[in-house]
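Here the structure comes first, spelled out in structure tokens, and everything after it is commentary.
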Amino acid sequence: MKSWIALLFGLVIAGCDLFDGENNGEWRTIRFDLDSLAAIPDTVTYGGRSYTIDVELWRNFMPILPPNYSPPLTASIQMEQYDTVMTRRSLYIFGQWIWIIKDSSTAVCCPLVTRDLGNSMVNFFADDGPPWPTGIEVDVVVSLLFKPNSLTPPIELKIRKENVKINRLS
């Protein structure tokens, strides 16, 4: 009986490792074709409405942190709509991925967490990013799913924001 319990416990532990990686907030270093960056718009249109993103990137150097601790990069993306107040009841917008491009050879990507902040605001969030220096400017690409209702398949649109500064909070 003890061997069955040990085997079951081992399978549970091994099973937890199977979910490590995909869509759990893990950042990955990737190659990003800079030529394809220019093809990604800074405004997307869906259902006759135009959308942009406002991106904040920061590393939080709180005074209580140990001197040798290097705080991770955090990203917050606010969805903005040009023409009218965003009505979340008729359109669902989900954040899929964020890509942060530092230069021609350095980029990272991570799944996004979608936070619904009420009827007129949507925010996407990712944390535990790479400890890149503060003060540098990077380009950000966000993959979004637009879904008007449960019967219509979602449409993926990518949108970019150029020259986003990584801020230092302290």
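The values are calculated or read from the model by the stated rules, or taken from the named source; none is laboratory data. Just so we're clear, the structure is a prediction, and the values are computed from it rather than from any experiment. Virtual Cβ from ideal backbone geometry, glycine too; neighbours counted across all protein chains shown.
Yes/no matrix, rows are residues, columns are (1) in contact with a Lys or Arg (Cβ under 6 Å, 6 or more places away or on another chain); (2) on the phi < 0 side of the Ramachandran plot; (3) among the charged types (D, E, K, R); (4) at pLDDT 80 or above:
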{"site": "ILE40", "(1), (2), (3), (4)": "yes, yes, no, yes"}
{"site": "TYR46", "(1), (2), (3), (4)": "no, yes, no, yes"}
{"site": "ASP54", "(1), (2), (3), (4)": "no, yes, yes, yes"}
{"site": "ASN60", "(1), (2), (3), (4)": "no, yes, no, yes"}
{"site": "ILE64", "(1), (2), (3), (4)": "no, yes, no, no"}
{"site": "GLN78", "(1), (2), (3), (4)": "no, yes, no, yes"}
{"site": "VAL85", "(1), (2), (3), (4)": "no, yes, no, no"}
{"site": "ARG88", "(1), (2), (3), (4)": "no, yes, yes, no"}
{"site": "TYR92", "(1), (2), (3), (4)": "yes, yes, no, no"}
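Pairs are defined by a Cβ separation below 6 Å, a sequence spacing of at least 6 or placement on different chains, a first member in region 97-111 that is within 11 Å of GLY129 (Cα to Cα), and a second member that is surrounded by fewer than 17 Cβ atoms within 10 Å (Cβ to Cβ) and charged (D, E, K, R); the pairs so defined are CYS109/ARG28.
Across region 19-30, the qualifying residues are those that are surrounded by fewer than 10 Cβ atoms within 10 Å (Cβ to Cβ) and of a type outside the set (S, T, N, Q), and the one among them that is modelled with the lowest pLDDT is PHE19. Of all residues in region 133-167, those that are surrounded by 14 or more Cβ atoms within 10 Å (Cβ to Cβ), touching a residue at least 60 places away in the same chain (Cβ under 8 Å) and either aliphatic (A, V, I, L, M) or in contact with a Lys or Arg (Cβ under 6 Å, 6 or more places away or on another chain) (or both) total 11.
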